[in-house]
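*Asks:* Structure below; questions to follow.
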Amino acid sequence: MTELDKLRSMEEFWNRDEEISAAKLHARVLCQKLNAIPVDDTEAVIAAAKELFGSVGENLCLKTPIQCDFGFNIHIGESVLINYNCVFLDAAPITIGDNCFIGPMTGMYTVSHPVDPVRRNEGYVYGRPITLKENVWVGGGCTFLPGVTVGKNVIVGAGSVVTKDIPDNVIVAGNPAKIVRTIDL
């Protein structure tokens, strides 16, 4: 099994592998290409996003710049807004559901490192998926840690750090993000 196969299976993989490095370089080149497109050329932005990401729904509003590790692990639903300066470290899948708003300077980090310092220093990493279900609104400057799922209709307050799963229909805020109140629908 190759290191890229291990990444795709969400097993621990060697981050310094040649194939892994090539995949990351490819994504960096595609990010650079995307980020260089004139902002008024929305068709080119969407085409570049579809080349970079694993899947893209209709009506994406993507405000560059954006950065990611691999790109192919990012899946974006219908009618999604991704604001400026977002970073997606996609060693595992990042799934953004329909009608989500992602605030500027948001980071979604699926990648983590072994607790064992020897393995960590040798360059081994692993990923855990991040999922945002539909109708999630993320304020600016939020951070999502590996393995979290955010429920439907959730609002994540600006600057929050999401460290664990969030149920449907709540507002969360803080570091770590905690439920502030429920949303009555």
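*Asks:* Can you find a residue in the range 125-132 that is crowded, with 18+ Cβ neighbours inside 10 Å, free of Cβ contacts under 8 Å to residues at least 40 places away in the same chain and either in a helix (DSSP H, G or I) or hydrophobic (A, V, I, L, M, F, W, C) (or both)?
*Replies:* Within the range 125-132 (the criterion being crowded, with 18+ Cβ neighbours inside 10 Å, free of Cβ contacts under 8 Å to residues at least 40 places away in the same chain and either in a helix (DSSP H, G or I) or hydrophobic (A, V, I, L, M, F, W, C) (or both)), the answer is yes, since at least one residue qualifies.
*Asks:* One residue is enough: does the range 111-118 have a residue meeting the conditions free of Cβ contacts under 8 Å to residues at least 12 places away in the same chain and of a type in the set (Asp, Glu)? Give the steps one after another, and end with the answer.
*Replies:* Taking the range 111-118 first, the residues free of Cβ contacts under 8 Å to residues at least 12 places away in the same chain are 115-118.
Now drop any that are not of a type in the set (Asp, Glu), which leaves 116.
Taking every residue of the range 111-118 in turn, at least one turns out to be free of Cβ contacts under 8 Å to residues at least 12 places away in the same chain and of a type in the set (Asp, Glu).
*Asks:* Also: Pick from the range 84-100 the residues that are within 13 Å of the chain's Cα centre (by Cα) and closer than 18 Å to residue 155 by Cβ: which of them is surrounded by the fewest Cβ atoms within 10 Å (Cβ to Cβ)?
*Replies:* Applying the first criterion (within 13 Å of the chain's Cα centre (by Cα)) to the range 84-100 yields 85-97, 100.
Retained after the next criterion (residues that are closer than 18 Å to residue 155 by Cβ): 86, 96-97, 100.
Details: 86: 23, 96: 29, 97: 20, 100: 23.
Residue satisfying both the conditions and the ranking: 97.
*Asks:* Can you name every residue in the range 1-48 that is exposed (fewer than 13 other Cβ atoms within 10 Å of the Cβ) and among the aliphatic types (A, V, I, L, M)?
*Replies:* Matches in the range 1-48: 1, 22, 25, 29, 36, 39.
Read-outs throughout are calculated quantities, based only on the coordinates presented, and are distinct from any laboratory measurement. Just so you know, these numbers come straight off a predicted model, no measurement behind them. Note: ideal-geometry Cβ built from the backbone for every residue, glycine included; neighbour counts use all protein chains shown.
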